[in-house]
Structure formats: structure tokens, C-alpha cells
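Participant: Please read through the structure below; I'll follow up with questions.
The values are calculated or read from the model by the stated rules, or taken from the named source; none is laboratory data. None of these values were measured; they are calculated from a predicted model. Note that each Cβ is placed from the backbone with ideal geometry, even for glycine, and that neighbours are counted across all protein chains shown. All accessible areas refer to the heavy atoms of the entire protein, side chains included, with ligands and DNA or RNA removed. Shrake-Rupley method; radii C 1.70, N 1.55, O 1.52, S 1.80 Å.
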Amino acid sequence: MKTFVVSLFLPYTVHFEIGTPLSTDIDEAILDTTPPGSSSSNPINIVGDNAMLNKRRNSSLLVAAHASPPASTSPITSGFNNDTNNNNPHQATTATNSCNGNGNSVNPSDEEFFYKNPLTSASSSLSAMAPLGETELEAVNQPNKSYILRKNQSFSYIQPRSRADISASIEANGSGRSCSSATASPSPAIILPKRTTPVNNMLRRKSIRSGSLHSSSSNVTISRHLTGLRLEEEENDDKNSDTLVPYGGFSNPNIGQSILHNESIFEHAPWTITPYVKGNGGLRNAVNFSLEDGNTIENVQWVGTVGMATDELSDKLKSEIQTKLASDHDCLAVFADDFTFQGHYRNYCKEILWPTLHYQVPDNPKSKAFEDHSWEYYKKLNEFFADKIAAAYEPDDVIWVHDYHLLLLPQMLRERLGPKVKCGLFLHAAFPSSEVFRCLAQRKPLLLGMIGANSVGFQIPEYCRHFMQTCNRILLADVNNDGLLYQGRYIGVYSNPIGIDAKKLAKQIDDPTVGQLKQMIQERWAGRQLIVNRDKLDRLRGVKQKLLAYEIFLKKYPDYVNKVSFIQICLKSNNYDTDLEYEIMTIVERINSMSTDFTVSQPVVFLHQDIDFQQYLALISVADTFIVSTMREGMNLTCHEFIVATEEKKSPLILSEFTGSAHLFQQGALLINPWNLNQIANEIHQALTMSLEEKTNRWNNLYKVLTNKNCYKWVSNSLTEIQHAWDKQQERSNTKSLNLNNSRFIGVYHESKAKETRNTKRLFVLDFDAYDTRTAKLVSSNNRKLSVLSELANDPNNLVFVMSYMKKSDLDVMYGRIPNIGLIGENGGYIKLPHNDSWICLLQDQELIWMEPAVDVIKSMVERLPSSYMELLEATIRMHCESCDDPERSASTISDCVTHINEMFGDEGVHATAINDMVVIQQINLPIKALSMILNYYSKGRIETLAHPPSVSKQHMDLSIYISSSNPNTESAFDFWSTVSKEKIVDNVFTVAAGQCGDTGAMSQVAGMNELLTILSSILS
């Protein structure tokens, strides 16, 4: 049995390496596009094979990259540079002084292909966490080339450039739209003509020592010279503005036609599989740590993309990469074309889905989120994943899908693999309220895709509640305590917060290097309190808000201006926002101007880059507080890291109440509303002045939760939930086809009759409720039904009860002529025992206080919907919409009513259920309460809730049969009788679903009322 862990990105990627001397030997990089047959005065030496590459590695040419920079040049230990255009003090000059083919200076661009994967150095003591911005320098911008050159402190490597990135900047058909959004399914003939690439797109490096390039691609020396060709890009820019740029690197398509070749530079370049340090690090660490532990999960098969563009790779090379990933790393690689991935990830996921999940509906006038056709790309990539998994899936395998990139995948897998596929979905992001989610144009297919899983997991209960209310409102799915019922299927819904391994992180913090860095930071910032922050630079993270709050704090307490340093580390966001950056830098400049002493550090240190992980651990270890002001977030694991790192100082955590982490850490963190700037300012002051005793108490509470909600329990609990939901669904599916007439029911009944004694009892509970959707009136009981009930009840060993939604007076009229049957009114609120004239109320007066405000809600709904009306019973409220002429309006009103009632009274145990065209509102589990009371009464001889119950001797319950139509309330009763059967409370239990239904918890089914009455009559003969 395998467990497929499915995420958009694999834990590994591919680097195409080009070995080179250290960065001091590199002055510039240009593309040599010499045609075959020409000569060159500057030959390019292409050195060796893998043996040569290994030799160079051993001679320290490839391992010279530092896991962390020299302490003397660290941005933490030697101060920060606030210039965002050159904010990496370790960046070699080549990153900013590189040249293109015309000799013009090229600066790093934010438009570069977003896959930027630093190569993890073999010498790093934190090989699983390659530090960003330290081992990797900015990629050299090679506009319109088929590759991206990335330079490391010891060597260079390349990765393919996305074709979608290049064509996105080209005008298509004079429409002014980018090619990526011109059509739903871009045609290669229009958007991306199939072109070949030059055979020797080799990278020539001009060096002060030599003019050669060292590579492992072949063992030959190639000498080529570009004769008679001159690139005139500037001259041809205007007249070729509507022409597609070929992938050989020429902006003029007429130049270079003679040197095109069907072989790319990636065909012979050496490549290696390396850890992909981006993507979902929490998932990657949790699964890998659990694999090491060996007690939680085993035989894992990762499924995902390789984290880079792949259109420039040949099918042969893709196959080799795929084979290597499968054999060495247990990975199934999904290769999607660049346009599909771009439309899926950048356009739909990042522009539409991610903002909406975090309460930011993309309605910015600058946004083109709803102008493109990215939904088609989103579906297409999910289909790529479904096809890949379906080809490798075997019975009993478990498929565990992760996050918002693949919400359609569970249903696609169910369509391909059948109803018995075992699949779970976990959403790491937040899930908004139904009012926000319904703004999505594709809201229904997204929800249907999600509930294709057996179970859907979220970080906290709030997101579970939002999801179930959304399904209830949009899909009209039925909700119970632990999941959903939709078209006969059960879908488990659970909350399970992801965590970390505190002990492993503590070992990294205890590393001597981290200790040295801590000491250097303390010396660098001696006498100052440190407020540390680490966020992506986007509006969701609340960076602007906490800077404004910090400004308010300094104005309130001016003595802190020269006593506190606010260190803000900003990671590059996928969607670069120049307006936000300008606003933030304006605030930073304004705050720093508050200090009049230029001999001390500034109040704000703004670092627009990430730092080495060891430096980050050292920094949060000595921080006096840490602020997370995110507007919305699933789970912020940075909080967990801070708690572990601050074990010595016990520094307080300031945490936004809108993160999933706030649900866990509400007893220890200082919770803030990120929109309440004065509150944040006050909490900053409290954190900096907090007593050691209070710090210790708060930290102990935080650490206790953190260690209890660790990554191992997250993996174990999630897999358990998938198995539990699958078992429950299979139990329903495996029994639904059993026909009562062909089951052992008749034989068991006659066997019970043969061995019965005076105290032997057989319990029949029958629910005959049926509704005519046009007249909204109950179907009257016919003479045959009354005759069968009377015959059953005439046997003194049979206990016959009729359960109904009807009120007590109606049941008395309908069944009053048969005194030896029991009645259960309002679906369990009231019971009338056989041979008894009085009704027993199972509800206390205080349990019905919800009815008055609920009546007001239903009245307002009835006013909105013509021809609807309210029916008020003693313990139940019903809203009837059967006679409404507008089905669409009726469905919308029913949805709003159910959502509003469940949100308003969910904590009071009151639930609204949509049944056909009616809303039934009553307390949860009333049927189960009534059935439990009947069992206890006859087996124990008493009713615990009554002071003076009717007397009865203890009975032995030999057989029980419960018959009802299938609806959400009766499904809980079916589950109740299944538990009774498993616990052997009753010797023989049968549950029967009457009428048309899908998957059900009942043990058997009958087609309708007449068939049921025929079977019951047969046991009496």
C-alpha cells in the first residue's frame, strides 16, 4: 500500500550546472550564437564528463558556496542596507554588471520567471533548508532567451525559461492583450510557433584570467565564429513590435534562421536533482520527519511538478528526469506545458483563488483577474495530476491531496478510479465565509471537486464551519456534527493544525554557529530591544499596518526611539506591488526621521530580502518580541519557530487574531486586530515591559500547545480521518443494494418467534412521513398501512412505534384507533408509549428558548418569498416553500435560511435542514434522544428523565428494525442503530431505507411503501 502525497511542487527540482571559477573571475555573460561551420578567435572550451565534474567538486570549485556568509559581511551582524535595489551585501558585482548581447548593462528584473531555486551546497549544515539570498545570487537577465542563467558563489547553473513568460509581453493580433490571456486554449500556431534552438547556445564567459567556459556537457573543444551577422535590436524594435521572439535569443526573427537547430543547450548539460526549498515547507518537513520516525507513515510517493519551466526540455530528457526522480526519490513528476502552468499558478491561483480564500476578492481596477481564461488552465493542470496518479494507483493506496492548487483533483480521481478510491484533501490556507466564497465565478465546481474526497481537512474549526456552511448554501448539502451528506455520499470534515518538530529545531538552534551569530547580534545591537518581523511583501501580511502601529507607539513613548530597533525582513512576493513598497518605504523614512541621534541605529531596519536560516534563528532567539500582523492566514509556522527559539528569553509573541495560529495560542500570545493600530501599539509596549514571571507563564502555555500539536500528530490524525471517512462511506455503499426481502430478516423474525419468552421483545420503529412537493400536505395513511400496524402490534412481544415530523394532535387523530402502538411526535421531541394516553416531553423549557428568535428569522424569510409559509410546532419550526412559483428564488431563500439559522444557533445545538422544498428547524439529534429513551425504558425498566415514569418490567430486546426514508436526520438514526448493533445492545438489528436514495447508512433498502408493507405482512403469515 502506497500513500500518494500530492502537492503542486515536488520536494525536489532539477539544476543544469555549468561549472565556473569563483565569482571574482566572472565579468560578464553573453550568448554565443555562432552558426555551424564558422570559426572563432575566442574558442570556448567545454571540459569533460562526470568524472571531470566530480574532480572539480573535489578541488573545491563547486563546494565553495557558504551555508552562511562570513560573519564580517552578515547583514544582521554588521548592519543592514536599506537600499532595496542593492540589498544583498554578499552579492557579487556580476549580478548587477552583467551584459546582454549588445554590451548593454542588464539589471535583475522582477519579470524573470518565478522559479528561482538556489542550489543547496553540499557543505551546508542545514542542507534541508538552503538559505535564500546567500548561496544564490540574482539570475542574470537574458531577455527573450530560452534559459535562465543563475550564478552561485562557486559555480553557475541554468534552468529553462518559461515560454509563457516570454510571450506574455508580446502584443497578440494588435489587441493589446498579452498572449497568455488571448484565448482559453492558446494555439501554438498563433501564440507560440514551434521553433528550433541553436545547437551551440553555449554560455561564453569573458574573464580577466581566461576566455573559456568550463562545462561537463562533452569532451570536445568547439570553435565557432559569428560572421556577417549583427544584432540590431534597438534598430528593429519598432518595426518588429508585433513579431514573436524566437527561442534562440534573437529579437529579429530574420537573423538567425540560418543557424536554427533542433538541439538545445539542455540536451547535453549535466543536471542534478536537488531539494526544492520553496513550496510547502511545512508539509515537506512533516512528511519527511514522519518517515524518519517510522511509526506514522511509510511507503510515500510524492506527486507534483519539478518547480521549473519544461517546454525547452526534450521528451527524452523529461523521461530521464522522471525516471531518476522515481527511482531515487520516490517521486512522480507531472510535466505541464509552460502556458498551462502559468495560467494555473500565476493567473488563477495567485490572482483569483488565493486572494478570495483570504477575504480579498480581486476587484482592483488594475486587476485583469476576470479577463483571462485561467480557469481552463486550472482545470487542465488538475487533469494532468489526475491522469498521472490514475496510471500509478493500485487498490488500497491512499491519495492525500494538498492545498488550493488542486481543489478539483479529488473529484477527477473519483471519476477515473471509481467510488472506492481512498482520497483525502487538506487545505493549508484559510477558508472564508460563504458570503466571500460565493463571489467566485467557479464556486460550485470548486466545491464539488473538494467533496470528491472522502475527507476534507482544515487548520482550525472556524474554517471547517465556513466550508460546511458554504456547501450547505451553494450545493444544498446536508451538514451534521462531523461532516457532510451530499447525494448519498458521506464526506468527513475535520480540523487538524499542522505543527513542527520542536526538538529538531532546538538542535539547530544549539548549533555553535548559531551561538556565535547570537553573540554577534547582541554586540551589534547592544543596549537596544529588538522587535523582529519576517513577512512577504504583500498587502495580506499587514506589514504597513504594524509599521504604522510602531509609529504610534514611538509617538506615545518617545523615550523608546533610541532604545528599540524594529527589524523587518521582507521576502519577495509572487505579486510584486510597487505601490505598497512605496507606501512602506515612506513610513520607514518617516519613522527613522524621528531619531535625532545619528550615532545610534535607526528605529526601523528594513531588509528587502530573506536571510540565512542560521542568522534568522539567531535573530529570533535574541528578539524581545515577534509580531505577526497577517490579515488572514491558515497557519503561521513562523510563530512556532519563534516559540522554540526564545526558550531562554521567554519573549512574548504578538499575534494577529485572524491567523489559524491564534486559535492554538490564544492562552499565551498577545492577540491583536491588525486593523486596530492603537491596540497593536499598546501590545508592543506591554511586550517590551512585561515581567519575567508573566513572560514565563505565557511561554509555557505556548510551548505546551506547540509540542502537543506537532507534525507527527498532524500526519497521523489526517491519515486516520481519511481512513475513518472511507470506512464509513464503504459501510454505507456495501449495504445499500441489499433488498429486505432477500436478507435474513424474515428468517431471524421467525427464529425469534420460535424461542420467545414472556420478556422477549421485538422493536419496530417506522417513519411513514412523505411529502407531496406541490401541495405541501402529508400523504394520508391508508387502510392497508393501519391494518399491517395493527396486526404487528397485536403480538404482545412486538413493540411498534410510529415516528413522524407531525405534531401530537395530528398523530392522535391519525393513529388513535390503534391504542397498542407507540407514537413519536415532532421527530423525537415527544413520545407516547403504547397503551398510554399521555405524551412524554423529552425537552426542558430552557432548551426551547431558541424558538422565539428563530421564529423572527423565518418570518423575515417568508416575507421575502411569495407563497411560502411558516408552521410552528411545540419543538419544531418548519418553513414550507413547496408552492412557490420561482424555483431559483425558492432555492436561494432556502439556502439563506439554512445558513442563517445554523450560524445563529449552531452553538446552542439547534440545526436547520433542507428536506425537499422545506426547511425543518429543531434541536440536533432529537430522533436519537427518543430512540435511546425507548431502549433504556424497556431494557432497564425506567426513564431517567422522568420522576414517575410508567412502570414496566425489564425486557430482553431480541430484534429491532428501524424503517424510514433517507434524509439527513434519519441518516443519523441509521448510524445510531449501527452502533447499537456493534455494541450488541440488541441481538439483531435491521435498518431499512424506503424509497429512492443514493448511498445510505441503512443496512438494506425497499423500493417503496407497498413493497415494505408486503414484506411486513409476510412475517405475520
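Participant: So, by mean Cβ neighbours within 10 angstrom, what's the order for 553-563, 799-809 with the highest one leading?
Facilitator: The most tightly packed comes first, giving 799-809, 553-563.
Participant: In whole Å, largest first, what are the principal axis extents of the Cα atoms in segment 568-720?
Facilitator: 55, 40, 33
Participant: When the Kirkwood radius is taken over all Cα pairs of segment 289-350, what Stokes-Einstein diffusion coefficient follows at 25 °C and 0.890 mPa s, in µm²/s?
Facilitator: For these conditions, the coefficient is 183 µm²/s.
Participant: I'd like the chymotrypsin sites (Phe, Trp or Tyr not before Pro) in segment 370-449 restricted to DSSP loop residues with at most 12 other Cβ atoms within 10 Å, sorted by number. Can you show the working numbers first?
Facilitator: On the way: sites: 370, 375, 377, 378, 384, 385, 393, 400, 404, 426, 437; in loops: 370, 393.
Of the chymotrypsin sites (Phe, Trp or Tyr not before Pro), the ones in loops of segment 370-449 whose Cβ has at most 12 other Cβ atoms within 10 Å are 370.
Participant: How much length is gained on full extension from residue 583 to residue 817, taking 0.36 nm per residue of separation minus their Cα-Cα distance? Intermediate results must be reported in sequence, preceding the final value.
Facilitator: Numbers: separation 234, 0.36 × 234 = 84.24 nm, distance 8.06 nm.
Value of the extension gain: 76.2 nm.
Participant: Here is a further query. Which value, in Å² rounded to 10, gives the accessible area of residue 293 with a 1.4 Å probe and all protein chains present?
Facilitator: Near enough 70 Å² of accessible area.
Participant: Let me ask something additional. Take the Cα radius of gyration of segment 383-432 and divide it by 2.2 N^0.38 Å, with N its residue count; two decimals is plenty.
Facilitator: 1.13
Participant: Right, next: For residue 522 and residue 648, compute 0.36 nm times the residue count separating them, minus their Cα-Cα distance, and round to one decimal in nm.
Facilitator: Full extension of this stretch gives 43.9 nm more.
Participant: Can you pull the one-decimal nm distance between simple spin-label points at residue 712 and residue 863, each 7 Å off the Cα toward Cβ?
Facilitator: The modelled label-to-label distance comes out at 5.9 nm.
Participant: Order 870, 918, 1 by their accessible area, 1.4 angstrom probe, all chains in place, largest first.
Facilitator: 1, 870, 918
Participant: Largest first, how would 835, 911 line up by accessible area (1.4 Å probe)? Please list the in-between numbers first.
Facilitator: Numbers: 835 145, 911 35 Å².
Greatest to least solvent exposure: 835, 911.
Participant: Would you mind getting me the FRET efficiency between residue 600 and residue 293? Use the beta-carbon distance for r and R0 = 45 Å, nearest 0.05.
Facilitator: The value I calculate is 0.40.
Participant: Report, in whole Å, the centroid distance computed from the Cα atoms of segment 872-918 and segment 470-517.
Facilitator: 31
Participant: Provide the solvent-accessible area of residue 330, counting protein heavy atoms only and rolling a 1.4 Å probe, rounded to the nearest 10 Å².
Facilitator: For residue 330, the solvent-accessible surface is approximately 80 Å².
Participant: For segment 801-820, list residues with backbone N below 17 Å from a point placed 7 Å from the Cα of residue 795 toward its Cβ?
Facilitator: 801-802, 820
Participant: In segment 627-670, whose amide N lies under 19 Å from the spot 7 Å out along Cα-to-Cβ of residue 697? List them in ranges.
Facilitator: From segment 627-670, the list is 649-655, 665-670.
Participant: Same structure again: How large is the accessible surface of residue 590 in square angstrom, using a 1.4 angstrom probe and rounding to the nearest 10?
Facilitator: Rounded to the nearest 10, that gives 100 Å².
Participant: Could you give the length gained by full extension between residue 590 and residue 753, i.e. 0.36 nm per residue of separation minus their alpha carbon distance, to one decimal place?
Facilitator: Numbers: separation 163, 0.36 × 163 = 58.68 nm, distance 9.07 nm.
The span from residue 590 to residue 753 would gain 49.6 nm if fully extended.
Participant: With r as the distance between the Cβ atoms of residue 396 and residue 272 and R0 = 25 Å, compute the FRET efficiency 1/(1 + (r/R0)^6) and round to 0.05.
Facilitator: Computed FRET efficiency for residue 272 and residue 396: 0.10.
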